[in-house]
Amino acid sequence: MKGKVFRYITVCSLFLALFALANFYCYQSAMNQFEKMQEDHEARVGEQVQVYVDNEMADRMAQMEKSVRETVQTQNVQNTLTENTVYQVQSHNALTDETVTEYRKLPDELVGCDRKLVQQFCSKYKDSHMSAKEFLDGLQSVSLISFSPERLTICKNFDASKVKFRYYLISDGTEVIAYYGDMKTVYEHTGIKISSLSAKERKQLKKGIEVKDEEELYGILENYSS
């Protein structure tokens, strides 16, 4: 009898132990699964947060760049010349050391220009904008004195003693043409035909003849006509 009771107790104890182990295993598995689910959830949330943060940063950077561009554009507009800009031209004569100031209409090509473009205009003025009169007066340089959207002041420096020749004779293949010394502004179409000149004269005119003054010019033309 005692043996049966002992075996019964032993079996019950083993059964309870197995049941406890099974419950513990299930519990451990459930905890592991829960932890994994929690880690996956945290990872997904972290990715979503990172995407949100990245998008927010990108939007803010784009807004900042747009704001900077608009600010720069506004400043550029505010620092350019307009049709209402007062245009002051100072003409300095190096021989007499006198300066004459005139107020003129701002050239159309300077409307909308900033300081840098005006400086480029001044540096290229002799090559692209100088008139025949300015050449004859001995224009040497053009410089920027002051710049603002309200007022532009430039200075033209003249020295007539630097003008080596005032006129320039050349042929167009059929006729002798007199230019001002700038070699681009026609002074007179002489009507003198190249065919009426000697071979030496035609050769000289093909290269071009620099003429000191009006007296020398008409002396040469009179010689061609005789």
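A few remarks follow.
- Note on the stretch 144-177: residues that are open to solvent by 60 Å² or more (accessible area, probe 1.4 Å) and closer than 17 Å to ASP127 by Cβ total 1.
- For the stretch 84-103, filtered to residues that are among the hydroxyl-bearing types (Ser, Thr, Tyr) and in a strand (DSSP E or B), the residue that is surrounded by the fewest Cβ atoms within 10 Å (Cβ to Cβ) is TYR103.
- Residue count for the stretch 185-201 satisfying the condition of being polar (S, T, N, Q) and either assigned to a strand (DSSP E or B) or in contact with a Phe, Trp or Tyr (Cβ under 9 Å, 6 or more places away or on another chain) (or both): 3.
- Only one of GLN119, GLN204 that is surrounded by 13 or more Cβ atoms within 10 Å (Cβ to Cβ), assigned to a helix (DSSP H, G or I), under 22 Å from the mean Cα position of the chain (by Cα) and not acidic (Asp, Glu): GLN119
- Evaluation of TYR180 against (1) over 20 Å from ASP127 (Cα atoms); (2) surrounded by 15 or more Cβ atoms within 10 Å (Cβ to Cβ) (one fails), failing number: (1)
- Residue check, GLU109 modelled with pLDDT of 75 or more and either outside any helix (DSSP H, G or I) or aliphatic (A, V, I, L, M) (or both): no
- At least 3 residues being aliphatic (A, V, I, L, M) is the threshold, and among the strands (runs of 3 or more DSSP E) wholly inside the stretch 125-183 those reaching it are 139-147, 175-180.
The values are calculated or read from the model by the stated rules, or taken from the named source; none is laboratory data. The shown structure was predicted, so the numbers you read here are calculated from the model rather than taken from an experiment. Using ideal geometry, Cβ is built from the backbone for each residue, glycine included, and neighbour counts are taken over all protein chains shown. Note: areas computed on protein heavy atoms with side chains; ligands, DNA, RNA excluded. Shrake-Rupley method; radii C 1.70, N 1.55, O 1.52, S 1.80 Å.
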